[in-house]
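The values are calculated or read from the model by the stated rules, or taken from the named source; none is laboratory data. Only a predicted model underlies this, so the values are computations on that prediction, with no experimental measurement involved. Counting neighbours? That spans all protein chains shown, and the Cβs are built from the backbone with ideal geometry, glycine included.
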Amino acid sequence: MKKTIIICLTVLAAGCGIYKPYTRPEISTEGLYGSAESADTATFGNVAWREVFTDPQLQALIAEALENNTDMQSAHWRVKEAEASLRSARLAYLPSFNFAPQGSVSSFDNSAAAKTYSIPVTASWQIDLFGGLTNAKRKSKAVYAQSKEYRQAVRTQLIAGVANLYYTLLMLDSQEQVTRRTADKWKKSVEIMRAMKEAGMTTEAGVAQYEGTYYSILTSLSDLAHNIRQTENSLCSLLGRAPRAIGRGSLDAQQMPRELVVGIPVQMLSNRPDVRASEFALMEAYYATAQARSALYPSITLSGSAGWTNNAGAMIVNPGKLLLNAAAQLLQPIFNAGANRARVKIMKAQQEEAKLAFQQTLLNAGAEVNNALSQYQSARSKTESRARQIEALERAVESTELLMQYSSTTYLEVLTAQQSLLSAQLSQIADRFDEIQGVVNLYQALGGGRETAAE
């Protein structure tokens, strides 16, 4: 008797390990943001998306995308599916009941028909002695949380995607305006060059050079129009609507936040949905391992039935007597124990893979934050220099044009100055776009756009 008690206590002690809840592994986040780390616990990712993107037309587009985007809707149903699985796992703790009435009518050699019936209600209840049901519930809970973070990741990506495409349209609009103004100037320059040729002040080669450059600019306008249409179509696809023109503001009118606080590295764990989803995947793998380990231990199931019957042999004289039955079952894995141990090893290997994936997700997150900050800072640092460059090139164009008309300056110097000015103006627009895109990418990298109670 004493030996049996010792064996039972040993089994119970071994089974206690499978009840141990998940704890986050020790993964260093030191230097995760590089030079961008801050001791401030606030982070740009916590700002509501309407406060970051203040353009009313962009706000309307983002709201439409969140409502109609098919990926967002799929993520919503994925959450519903995981929620139902979690509810099912919680109900596994309760007994299961089945109502199975039976009846028969029999007659032998034209005798009076004999009617028999039984109306049992059967029940079974698995006792969660070694955590099989508990770990299954915890696993389902992790899957549910992971699905919610996946939905948030889709939401964050969708907000950033709509914003980037919208600002791309504004950039293309600005480039088209500059190119069109330049084309008008070049058209006048071609006319001036022709007049100067007729007056003997320049050659046919100069006129041809100006005409060639003019037609090259017209070709650029066609390319810009095509890029605008493609960008509008891509944006319509995110919005869940058929391709059409997109109403929008201007690049110069955009107001973006200036103070971009990143926060300490641990803040990324509480904001970025892909990091959180990766950790929930690790949690799921942890409880899957514990669930597989619990299969190595016995399982106890209580079952019973109660009901009415008129067919119980000599025990029941009058029909309609009460029928009661109860039983207990102890199932100890013997022949399939090797398969269960192999399954535990598989689950442990998958758990290690999930841990490595979680660590890599953190590293990727840090790299994305650094890249976005670098993009923003680089674009900001070029603002003043680019403005001075354009001022200098505008003076150069004006001076060379005057010199060509009243002195010996050749058309090639004027041509070079005008081309340099156009290139600098287009680069200035690209710098402004890079600055805005850096803000958008940083907001996405910090897990911005989380759903609020107001939404």
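When you scan region 173-189, do you find a residue that is surrounded by 15 or more Cβ atoms within 10 Å (Cβ to Cβ) and not in a helix (DSSP H, G or I), even just one?
Within region 173-189, not a single residue is surrounded by 15 or more Cβ atoms within 10 Å (Cβ to Cβ) and not in a helix (DSSP H, G or I).
Looking for whichever is among the hydroxyl-bearing types (Ser, Thr, Tyr), out of contact with any Phe, Trp or Tyr (no Cβ under 7 Å at 6 or more places or on another chain), at pLDDT 80 or above and not in a helix (DSSP H, G or I) here; the options are 234, 216, 305, 250. Which one fits?
After ruling out the rest, the residue left standing is 250.
Report yes if residue 155 is buried (at least 18 other Cβ atoms within 10 Å of the Cβ), over 16 Å from residue 419 (Cβ atoms) and touching a residue at least 12 places away in the same chain (Cβ under 8 Å), otherwise no.
yes
Check 317, 261 and return the single one that is modelled with pLDDT of 65 or more, β-branched (Val, Ile, Thr) and assigned to a loop (DSSP other than H, G, I, E, B).
261
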